[in-house]
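The values are calculated or read from the model by the stated rules, or taken from the named source; none is laboratory data. The shown structure was predicted, so the numbers you read here are calculated from the model rather than taken from an experiment. These area figures cover heavy atoms from the full protein model, side chains too; ligands, DNA and RNA do not enter into them. Shrake-Rupley method; radii C 1.70, N 1.55, O 1.52, S 1.80 Å.
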Amino acid sequence: MTLVDEARAIRERAYAPYSNFKVGAAIRAASGRVYLGVNVENVAYPEGTCAEAGAIAAMVAGGDTEIAEVAIIADAPVPLTPCGGCRQKLAEFAAADVPVTMATVGGEAEVMQVADLLPGAFGRAHMEA
């Protein structure tokens, strides 16, 4: 099963009763383990969670902290890019050249690297004195 297939399968478990816009994410850690996430809406919209953030939280809880590959899927007319916050979250755990596959349930896909999704990312080097 490909990483996009994993994201497609978990997408069905998303909790999106308000928008009906389900998103699935799958992250392959450097260890080879795959972690999954879905968007979880809340009636108070800002309190929801993105699929990518859920997969990252599962990865960290699973003991991994390095992303090797990402796949995201949604029922959208074009491949869905991560939101700005999730781009920063991905950059925290992924090298600049890590591939991010963004797919639609219709089969369209686009692959970008983390650095292309978030040029000039705020990183550890900015915290060093």
Going by alpha carbons, how many degrees (0 to 90, nearest 10) lie between the helix axis of 84-93 and the longest principal axis of the chain? 50
At 1.4 Å probe radius, can you tell me the per residue accessible area of the chain in Å²? 54
When the helix-only estimate is applied to the chain (DSSP H runs of n ≥ 4, each -39,500 (n - 2.57), divided by the residue count), what is the mean residue ellipticity at 222 nm, nearest 500 deg cm²/dmol? -7500 deg cm²/dmol
Keeping the other protein chains in place, figure out the carbon and sulfur percent of the accessible area of the chain, with a 1.4 Å probe. 54
Tell me the volume per residue, in Å³, of the convex hull enclosing the alpha carbons of the range 1-67. 73
Suppose a student asked you for the relative contact order of the range 65-122, using Cα pairs under 8 Å spaced at least 6 residues apart; what percent would you report? 40
Take the chain, connect every pair of alpha-carbon atoms lying under 10 Å apart with a spring to form a Gaussian network, then pick out the residue of Pro82, Pro119, Pro99 with the largest mean-square fluctuation. Pro119
Suppose a student asked you for the relative contact order of the chain, using Cα pairs under 8 Å spaced at least 6 residues apart; what percent would you report? 20
Accessible area of Asp97 in the full protein assembly, 1.4 Å probe (Å², nearest 10): 100
Compute the long axis of helix 51-61 from its Cα atoms, compare it with the longest principal axis of the Cα atoms of the chain, and write down the angle in degrees, 0 to 90, nearest 10. 60
